[in-house]
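First up is the structure itself, then whatever we jot down about it.
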Amino acid sequence: MYCSSSTMDISAADESEAASDNREQSFTSEIFKIKICNLPSYIGHGQIRKLLGKRLELNPVKVKAQLKQNVAYATFRSEEEKQKAMTKINGFVWKKHELTTKAATASKDPIRDKRDSDAKRIKIDDEDVDIEKVLNDHVTPLWQTSYEEQLELKWDAHADVLKKLVSELDIKKLNWELNEDGLPCVLEKARESPIRTHYRNKCEFSLGTGQDGLTTVGFRLGSYRDGDLRVVTPRGCYHVPPLAVEAAERFQGYVRQSKLGPFDPVTHSGHWRMLTVRTTMTKDVMMIAYFHPQDLSQGDVDEEVAKLKAFFAGTIATSVLVQLDKSVSMGNTASQPYQLIHGEPIIHETLLGLKFRISPEAFFQINTPAAEVLYRVISDYCDPTPDTHLLDICCGTGTIGLTLAKNVARVTGIEMIANAIDDARANADVNDIQNVEFVTGKAEDVLPELLPRIGGGGGGRVVGVVDPPRAGLHGRVVQAMRKCKELNRIVYVSCNPNAAYKNFLDLCRPESGRLKGRPFRLVKATPVDLFPMTRHCELVLLFERR
């Protein structure tokens, strides 16, 4: 067994290894699993987690929903927790549905399966294996494809989404006509990213065993499901900037000399889980280390944090924070506070001549130069005028609304994350932008009250910009936008059009009992490449009703 501390004596090492073996024998990722049946329709994965965690006060290791079958699977740490969950869930009435449970068959643990089988796998230390190629194939699968071909692939993928839209809408009833590409609107040529390598300003690194047998901070070549937990340094990755590589290697140096090793997702032992590095064009560097205390005393945790603080004093880091995560999975970290141990609590980025502050949880586009291209397309689609009231829905730190504020009468931003709203207001102040307001809340709750007030003023035009999370908008948000008679132009920014596809349908469907208000028509769309060498691409869509 490899030990991070050279002073650990043999008996202590044997005891530690035995404890690890016991943990591994008593736990797999699937042993204590239940099936939850009779779930309501039209619910999301997050709602199920909220039900189990907040309302029923359960602590599942993981939750997997099969929403089309109205069932979900939840896995727990022990038989006791499993039985407690079944007792609490059985007979619980949720949205007029009485829930039931039953024990679920555990899937075979992929790590064990891999270890127990004789199947071939790549040896990470094999001289014949080009590790950098394997890594880049994994994280940037299009790295060997010409950039022109990458853009063509992304255009084709978005064209398929628009053709799917045509297939599910009654275009004759809507009086739509198809163009020569068989599309309901113009799909413009994909806009290029000004930079195509080292562009990611936010990188999330795993910790695990590397090719030399030592703790490594970088990317996993495989996944738990694949039975592969090996970690490779990011130095050879084409999309990771040098500053982020340097930050990862410095943190790696600390963990290697620490007595507290990385978290093991098989045995759930160990402490250091993950490292997030955020960098800016102005050379700011924010590092966020995620740490599981396990059974350490508060004094031991404080001592480790103090060592980390001393280690990073005077380094490249503008900001170093630690988040203590006591949950089994990484899914609950957002609720835990960040502890600033070095430097400033925020970093700054410049975008289209404006200065923006970025806090640990704040959303910011992953590729800053390409984000400027994206925002210019958004501005063109908004067609801002001095009498325009711009609604920036899912505004995050306010970047879109603030970059357009000088060309419109008023900007109202809506965002559910309070820290992001704090950043947005600070960004408005530092850039001396007065004609903006930011509202904290869910868009589906805020818009029904806000839109009538904005639209009722008369005389101006209302334009909505929507930049939602990957899954798209809540259905109530679309309903609220359709009901507002004054809102006749919507610019929708999607990082995953397939996931947000239902939003597009609901904006365009004929009026019905569920969807009040005249439908919108898709006028044009433009792909913008923020993610060179991958298959991901932003899509900006313009919806209008005349």
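The values are calculated or read from the model by the stated rules, or taken from the named source; none is laboratory data. What you see is a predicted model; the values in this text were computed from it and never measured. Here the Cβ is made from the backbone with ideal geometry for all residues, glycine too, and neighbour counts use every protein chain on show.
Among residues of segment 299-327 being polar (S, T, N, Q) and under 22 Å from the mean Cα position of the chain (by Cα), the one that is surrounded by the fewest Cβ atoms within 10 Å (Cβ to Cβ) is Ser327. Might you check whether a residue that is basic (Lys, Arg) and in contact with a strand residue (DSSP E or B) (Cβ under 7 Å, 6 or more places away or on another chain) occurs anywhere in segment 499-509? No.
On the basis of being in the same structural domain as Thr397 (by TED's automatic domain parsing), closer than 16 Å to Pro469 by Cβ and in contact (Cβ under 8 Å) with a residue 12 or more places away in the chain, does Asn435 make the cut? It is false that Asn435 is in the same structural domain as Thr397 (by TED's automatic domain parsing), closer than 16 Å to Pro469 by Cβ and in contact (Cβ under 8 Å) with a residue 12 or more places away in the chain.
Within segment 173-225, the set of residues being part of a strand (DSSP E or B) and of a type in the set (Gly, Ala, Ser) comprises Ser206, Gly208, Gly218. If only residues of segment 532-546 that are at pLDDT 95 or above and in contact with a strand residue (DSSP E or B) (Cβ under 8 Å, 6 or more places away or on another chain) are counted, the one that is surrounded by the fewest Cβ atoms within 10 Å (Cβ to Cβ) is Glu544. The condition of being modelled with pLDDT of 75 or more, of a type outside the set (Asp, Glu) and assigned to a helix (DSSP H, G or I) holds for Lys50. Considered as a group, the residues in segment 276-298 that are assigned to a strand (DSSP E or B) and out of contact with any Leu (no Cβ under 7 Å at 6 or more places or on another chain) include one that is surrounded by the most Cβ atoms within 10 Å (Cβ to Cβ), and that residue is Val277. Answer yes if at least one residue in segment 102-113 is more than 30 Å from Asp325 (Cβ to Cβ), surrounded by fewer than 15 Cβ atoms within 10 Å (Cβ to Cβ), modelled with pLDDT of 90 or more and in contact with a Cys (Cβ under 8 Å, 6 or more places away or on another chain), and no otherwise. Checked against the condition, which is being more than 30 Å from Asp325 (Cβ to Cβ), surrounded by fewer than 15 Cβ atoms within 10 Å (Cβ to Cβ), modelled with pLDDT of 90 or more and in contact with a Cys (Cβ under 8 Å, 6 or more places away or on another chain), segment 102-113 yields at least one hit. Criterion applied to Gly213, Gly253, Gly236 was being of a type outside the set (D, E, K, R), surrounded by fewer than 20 Cβ atoms within 10 Å (Cβ to Cβ) and at pLDDT below 90, and the one residue passing it is Gly213. Pairs meeting the criteria (first residue in segment 359-370 and assigned by TED's automatic domain parsing to the domain that holds Thr276 and without any contact (Cβ under 8 Å) to a residue 24 or more places away in the chain, second residue among the basic types (Lys, Arg) and assigned to a loop (DSSP other than H, G, I, E, B), beta carbons under 8 Å, at least 6 apart or on different chains) are lacking. Of all residues in segment 407-416, one or more are among the small types (Gly, Ala, Ser) and crowded, with 23+ Cβ neighbours inside 10 Å.
Candidates Glu188, Glu192: the one that is among the charged types (D, E, K, R), farther than 20 Å from Trp143 by Cα and at pLDDT 90 or above is Glu188. The residue pairs whose first member lies in segment 505-516 and is more than 15 Å from Cys484 (Cα to Cα), whose second member is surrounded by 15 or more Cβ atoms within 10 Å (Cβ to Cβ) and of a type outside the set (A, V, I, L, M), and whose beta carbons are closer than 7 Å, counting only pairs six or more residues apart or on different chains, are Arg509/Pro519; Pro510/Pro519. Ser206 meets the conditions (1) surrounded by 16 or more Cβ atoms within 10 Å (Cβ to Cβ); (2) closer than 30 Å to Val523 by Cα in every case but one. The failed one is (2).
For segment 344-403, a residue qualifies if it is part of a loop (DSSP other than H, G, I, E, B) and either in contact with a Ser or Thr (Cβ under 7 Å, 6 or more places away or on another chain) or among the hydrophobic types (A, V, I, L, M, F, W, C) (or both), and the qualifying residues are Glu344, Pro345, Ile346, Leu352, Ala362, Phe363, Phe364, Ile366, Asn367, Cys394, Cys395.
Within segment 311-326, the set of residues being among the hydroxyl-bearing types (Ser, Thr, Tyr) and in a loop (DSSP other than H, G, I, E, B) comprises Thr315, Thr318.
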